[in-house]
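The next block holds one structure in the form of structure tokens; read it before the comments.
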Amino acid sequence: ADQLPIALDVCQSFAIDNGAFSAWKKGQPINDWAAYYDWAASCKLVPSCDFAVVPDVIDGSESDNDQLLAEWPLPKWFGAPVWHMHESLTRLQRLCRQFPRVALGSSGQWSTPGTADWWDRMGEAMDSICDKDGMPPCKLHGLRMLNPTVFSHLPLSSADSCNVAR
């Protein structure tokens, strides 16, 4: 939230993230999402805000993340659920059918974008959702995928780093 003025000043459009990655790195998962939901609702009123990442549990189960998805209080068009690479391809396919945008998150044994194993898993994911022309059924957002060696090889509509200051 403290970086929002920067995004408003320099970006044509922007998205907001829920802070789960920073909390995960600190070993302090977020359990109360009320403040984020309120902030996301206020950002939704800003014309240049494209979407908000739906709260997620990075190394959680599909059930954990589906529960947070069910609690999302804002419209589907504004929320981007996260598919974590340790989750099933079936969940990725379901999210792509149900939402106009899905965020892709590196997790589990694939927690570091750009490694050989990561590319193998990302290839499986793209093969499971993309058509014969390599086009996904919805917009894809790459979490921590702002490296040109990553985003230039995937059909992403957007990507980010850990924060706007970087």
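The values are calculated or read from the model by the stated rules, or taken from the named source; none is laboratory data. Note that the structure is a prediction, hence the values are computed from the model and not measured. Cβ atoms come from the backbone with ideal geometry, glycine included; neighbour counts cover every protein chain shown. Each accessible area value is taken on the protein alone, full model and side chains, heavy atoms only, with ligands, DNA and RNA left out. Shrake-Rupley method; radii C 1.70, N 1.55, O 1.52, S 1.80 Å.
Tell me the residue from Gly114, Gly108, Gly142 that is in contact (Cβ under 8 Å) with a residue 24 or more places away in the chain, in contact with a Ser or Thr (Cβ under 8 Å, 6 or more places away or on another chain), at positive phi and not charged (D, E, K, R), please. Explain how you work it out, then say what you get.
Working: Gly108 fails: in contact with a Ser or Thr (Cβ under 8 Å, 6 or more places away or on another chain); Gly142 fails: at positive phi.
Going through Gly114, Gly108, Gly142 in turn, the sole match is Gly114.
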Inset, instruction - State all residues of segment 117-166 that are surrounded by fewer than 14 Cβ atoms within 10 Å (Cβ to Cβ), within 15 Å of the chain's Cα centre (by Cα) and of a type in the set (D, E, K, R); if no residue qualifies, say none. - result: none
Legend entry - Which numbered condition Pro29 fails, given (1) more than 22 Å from Gly142 (Cβ to Cβ); (2) under 12 Å from the mean Cα position of the chain (by Cα): (2)
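What do you reckon, is Lys26 open to solvent by 50 Å² or more (accessible area, probe 1.4 Å), among the basic types (Lys, Arg) and over 22 Å from Ser111 (Cα atoms)?
No; evaluated as a whole, the condition is false for this residue.
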Inset, instruction - Look through segment 46-62, keep the residues that are farther than 17 Å from Met85 by Cβ and out of contact with any helix residue (DSSP H, G or I) (no Cβ under 8 Å at 6 or more places or on another chain), and return whichever of them is surrounded by the fewest Cβ atoms within 10 Å (Cβ to Cβ). - result: Pro47
Inset, instruction - Please indicate, with yes or no, whether at least one residue in segment 34-46 is touching a Lys or Arg at 6+ places or on another chain (Cβ under 9 Å) and either of a type in the set (D, E, K, R) or assigned to a strand (DSSP E or B) (or both). - result: no
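Determine, yes or no, whether Phe21 is touching a Lys or Arg at 6+ places or on another chain (Cβ under 8 Å), part of a helix (DSSP H, G or I), of a type outside the set (Ser, Thr, Tyr) and buried (at least 17 other Cβ atoms within 10 Å of the Cβ). Break it down into steps so the answer makes sense when it comes.
On the way: touching a Lys or Arg at 6+ places or on another chain (Cβ under 8 Å): yes; part of a helix (DSSP H, G or I): yes; of a type outside the set (Ser, Thr, Tyr): yes; buried (at least 17 other Cβ atoms within 10 Å of the Cβ): yes.
Answer is yes for this residue.
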